[in-house]
Structure formats: structure tokens, C-alpha cells
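> For reference, the structure I am asking about is given below.
A short reminder: the numbers here are calculations on the coordinates, not readings from a lab. As the structure is a computational prediction, the values presented were derived from the model and not from experiment. Glycine gets a Cβ as well: all are built from the backbone with ideal geometry, and neighbour counts include every protein chain shown.
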Amino acid sequence: MRLRPLISTALVLSVSVPLFAQEWVEFASREDRFTCLFPVQPKVTASTYLSQHEANLPARVYTAAQGKSTYKVTVVDYNQARPILTEKAKSCPAGAEPCLGGPGDEGHWKSDIRGAVDWETWQVLKRDAKVTVFTWAAMDLVEGRTLQLTNNVDQSRSFVGLFMHENKLYITEGTVPKGYPEPALFQNSLGWLDENGIGLRYTTTYSNNYPPPARVNRANRPGQGRIDAPGAVVK
């Protein structure tokens, strides 16, 4: 993953979490449509991310620290892959298929989106670290992958989650020093928001490459203190 820091203009909100985690905050970004538990209010920075087909995509990084542990969520907007790569294909040499693409797939923007999780997985696997766990996963039924790595230099451990939702790539990473417990509260807290900022969950597994399944009706199954109704609030 290659990120270039800039100044952030992201709009976010935070609320207190229940008694089981009084020292943490449930952070919610309406702009990037996700929620996550952080030990403190995260710092937000804007960046760019270089995709497999070399599109410089806009990204935002949400970072928090607690002692020697760090917690980070990176959101990459792959919705911009199509316009960026379509424009880039116009300057490809005649017949240069690797950068040209085909009709309706100029610059290979479709495969860039479809392969986003695999591409970032490869970036993680290239680190100077030993992979101890690599599994399929789902957060509120949005499918993805999780990896656990032990750094070969200082033996710190990183717990990485990779998920693709509505053409946005979500990269979660909690890193703790050697001997520390895993950051389970953080890594298991990723959730989704709908276009109105209401907690979102699907009835069956969501895959970014296929039409989305039906959403859970929050009026019948509130969950997380949220309901699908006009004027709904986060409690």
C-alpha cells in the first residue's frame, strides 16, 4: 500500500459506547460510511493510494494510538478508478493493451475494482513479517479477508482486515507490541452506515462484485441501537 499524506477535510462524528468499553469511542464517518471502535478520537488525513493498474485513488486514513499500540482504518475510493483509468488510457500507445484495456473497460478499471482486495493482500504479504493467520471473513455480512502478522524486526503483531463495500476498500489494522493481547475490540468493531448515516446490515453475504442483497429492516431488528426510520438517531 502506497499512501501520500495530505490535509483532511473529512466530516465525522463520535458517540460514547456502552459500559463494557467506557474508555473507547465509537467513531462514525458519514462520508466514508463506516463505524469503528477506537481508544480515542482518531486523527483523519487525506491520502492517495496507487492501485494495481496505477490509478492514484483518493483515500482517507483514520489513526489512533494507545500507549505503544496503534489503530488505523484506511478507506480507498475505487469509485474513482473508472474516470481516472479511462482518461489515462487515452494517452496509451496504440495497441498497448496492458494500459489500454478494451471498450467499456478502458484502462482496466473493472479489474482494478474487482481485484482491489487481492491487490492489497499482496501488499501486506510483501512486508518483512511472518503471516500467522490468513482467512476469509465477514463484518456485518460484508465479505473480506483477515491476516495476522508478526514483524520480523521487533516482534510486534499486526491484525489486518480487508473489505470492499460499495466500491470502497476498507483496510483496518491494529498493531500491538510483543506480548500484548490482540486488539480484538478494534478488529471486530467495523460496521457500515447507509446513505442516511444509519447502521447497515445485510440479510445475506454481501460481495462487492455482485448486486447487493436485501438489507435488514432496522425497524424490526434494531441492532446497535439504530433503526431504519425517518429521524432515526444514534443512541
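> May I ask you to order 113-121, 157-165 by the average number of other C-beta atoms within 10 Å around their residues, highest value first?
Result, highest mean Cβ count within 10 Å first: 157-165, 113-121.
> Mind giving me the FRET efficiency for E182 and E31? R0 is 41 Å, r the Cβ-Cβ distance, nearest 0.05 is fine.
0.90
> For K178, give me every one of the lysines with a C-alpha distance below 30 angstrom, ignoring sequence neighbours fewer than eight places off in its own chain.
Answer for K178, where 30 Å is the Cα cut-off: K43, K68, K72, K126, K130, listed by chain and number.
> Going by how many other Cβ atoms sit within 10 Å of their own, how do L125, L190 line up, fewest first?
Exposure proxy ranking, most exposed first: L125, L190.
> Using label points projected 7 Å from each Cα along Cα→Cβ, tell me how many nm separate E97 and T48, to one decimal.
2.9
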